[in-house]
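The values are calculated or read from the model by the stated rules, or taken from the named source; none is laboratory data. Predicted model, so just to flag it, every value in this text is computed and none were measured. In this analysis, Cβ positions are derived from the backbone assuming ideal geometry, glycine residues included, and neighbour counts consider all displayed protein chains. For the accessible areas, the whole protein counts, side chains as well, though only heavy atoms, and no ligand, DNA or RNA atoms are used. Shrake-Rupley method; radii C 1.70, N 1.55, O 1.52, S 1.80 Å.
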Amino acid sequence: MAMLGFVGLGAMGKPMAARLAQAGLPLIVHDKAGTAERAPAGARAAASVAEIVAEAETLFLSLPDGKVVEAVSREIAAAKPRKTSLVVDLSTIGLEAAHKTAAIFSAAGIAYLDAPVSGGVTGASKGTLAVMAAGSKADFPRVEAPLKAMAKNLFHVGEKPGQGQAMKLLNNFLSATAMAATSEAVIFGESQGLDMGTILSVLNVSTGQNTASGDKFPNRILTGTFNAGFTVRLMAKDVALYRAAVADVGTSAKMGEPVSKAMM
Ligand code: NAD
C-alpha cells in the first residue's frame with residue numbers, strides 16, 4: 001500500500017488517523033499545534049505539510065474551516081518535491097471554499113475529493129462515520145480501503161466538488177434544527193413539571209423522536225457530561241455556511257434564520 005498522509009489531528013482527525021494506523025496502513029501525519037503528542041501509534045510524525053507531500057501519494061485533511069483548508073491546499077500545491085497526487089478533504093468547509101480548493105488543486109494537477117463526514121467523535125473512534133464524497137468517480141477506488149477503515153457508510157454523491165459539502169450542510173442544518181427545537185420543547189415540558197428523563201423516554205418511542213432526543217439529550221445533557229465532541233462554534237459555522245449556500249441558489253430559507261439565531 002502506498003504511503004498515506006493526514007493533516008489535522010484534532011477531535012476528528014486524531015481518531016480517524018488512528019483508524020488508518022490500526023488497519024496497518026502506512027501513515028505520515030502533521031498538526032500545526034504539535035504533531036508528536038497527537039500522532040497515533042504506528043504513524044510517523046512530520047514536521048511540516050511539505051514533508052508529507054514529499055512522501056504520501058494520498059493525503060487526507062481534517063481542518064477547522066475553509067480558510068485553513070485553502071491555506072493548507074496552497075501549501076500542498078506549492079510543495080516540492082511532490083508525491084501527492086490525490087487530496088481527500090474530510091473537513092466541513094462549505095461550497096465556496098470547496099470550489100476554491102478544487103481550483104487550487106486543478107491548477108496544480110492534483111486530484112481532489114470533497115468528502116465531509118458525519119458521525120462525530122464517537123463515529124470517528126469506532127470507524128462508523130458516514131462519508132459523502134464528491135469528485136471524479138475514477139478517483140474513488142484509490143481511497144476506498146482507507147475510507148473503509150474510517151467509515152461504515154461511503155457515498156459517492158456527485159462528480160463536482162462542492163456537492164459533498166451541500167450534502168453535509170443540509171444534514172447538519174437538520175441536526176441543528178433538531179437540537180434547537182428539542183431544547184425548546186424540553187424547557188417547555190420542564191416548565192409544566194415534567195422530568196427531562198420522562199420527556200425523552202416518551203419522545204423516543206413517539207413521533208417527536210430525533211437525533212437530539214435519541215442521542216445528545218440522553219447521553220450528553222441528561223448525564224451532565226456535555227461531551228458530544230462537536231462544539232457549538234462548529235455547528236454555528238455549518239448552519240451559517242448552509243444559509244449562505246441557500247441564499248446563493250435562492251431556495252426556501254424560512255427555517256434557516258431562526259435555527260441560525262438559536263446557535264448564537
Ligand atoms: P479541531 O479544531 O478539533 O481540529 C482541527 C485540527 O487542525 C487542530 O488540531 C488544529 O491544530 C489543526 N490545524 C489547524 N490549522 C492547521 C494547519 N494550518 N496545519 C495543520 N494542522 C492545522 O476540529 P474537529 O472537531 O476535529 O473538526 C475538523 C473538521 O471536521 C471541521 O471542519 C469540522 O466542521 C468537521 N467535523 C467535525 C465533527 C465533530 O464532531 N467534531 C463532526 C463532523 C465533521
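What to note about this one:
- Leu86 fulfils the conditions (1) free of Cβ contacts under 8 Å to residues at least 60 places away in the same chain; (2) within 13 Å of the ligand (Cβ to nearest atom); (3) surrounded by fewer than 22 Cβ atoms within 10 Å (Cβ to Cβ) except for a single criterion, (2).
Yes/no matrix, rows are residues, columns are (1) within 16 Å of the ligand (Cβ to nearest atom); (2) at pLDDT 95 or above:
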| residue | (1), (2) |
| --- | --- |
| Gly197 | no, yes |
| Thr207 | no, yes |
| Thr211 | yes, no |
| Gly214 | no, yes |
| Asn227 | yes, no |
| Thr231 | yes, no |
| Ala240 | yes, no |
| Ala244 | yes, no |
| Glu257 | no, no |
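- Criterion applied to Ala245, Ala212, Ala236, Ala228 was being surrounded by 12 or more Cβ atoms within 10 Å (Cβ to Cβ), part of a loop (DSSP other than H, G, I, E, B) and within 20 Å of the chain's Cα centre (by Cα), and the one residue passing it is Ala228.
- Each residue in segment 24-54 was checked for being open to solvent by less than 60 Å² (accessible area, probe 1.4 Å) and more than 28 Å from Met235 (Cα to Cα), and 12 of them qualify.
- Filter result for Val117 (more than 8 Å from the ligand (Cβ to nearest atom), under 16 Å from Phe6 (Cα atoms) and touching a Leu at 6+ places or on another chain (Cβ under 6 Å)): no
- Checklist (1) touching a residue at least 12 places away in the same chain (Cβ under 8 Å); (2) open to solvent by 50 Å² or more (accessible area, probe 1.4 Å); (3) farther than 19 Å from Ala107 by Cα applied to Glu75, failing item: (3)
- Taken together, the criteria place Gly13 among residues that are buried (at least 17 other Cβ atoms within 10 Å of the Cβ), touching a strand residue (DSSP E or B) at 6+ places or on another chain (Cβ under 7 Å) and either modelled with pLDDT of 95 or more or among the small types (Gly, Ala, Ser) (or both).
- Among the residues of segment 1-36, those that are among the aliphatic types (A, V, I, L, M), part of a loop (DSSP other than H, G, I, E, B) and more than 9 Å from the ligand (Cβ to nearest atom) comprise Met1, Ala2, Met3, Ala23, Leu25, Ala36.
- Being buried (at least 16 other Cβ atoms within 10 Å of the Cβ), of a type outside the set (Ser, Thr, Tyr) and more than 25 Å from Ser85 (Cβ to Cβ) is not true of Ala149.
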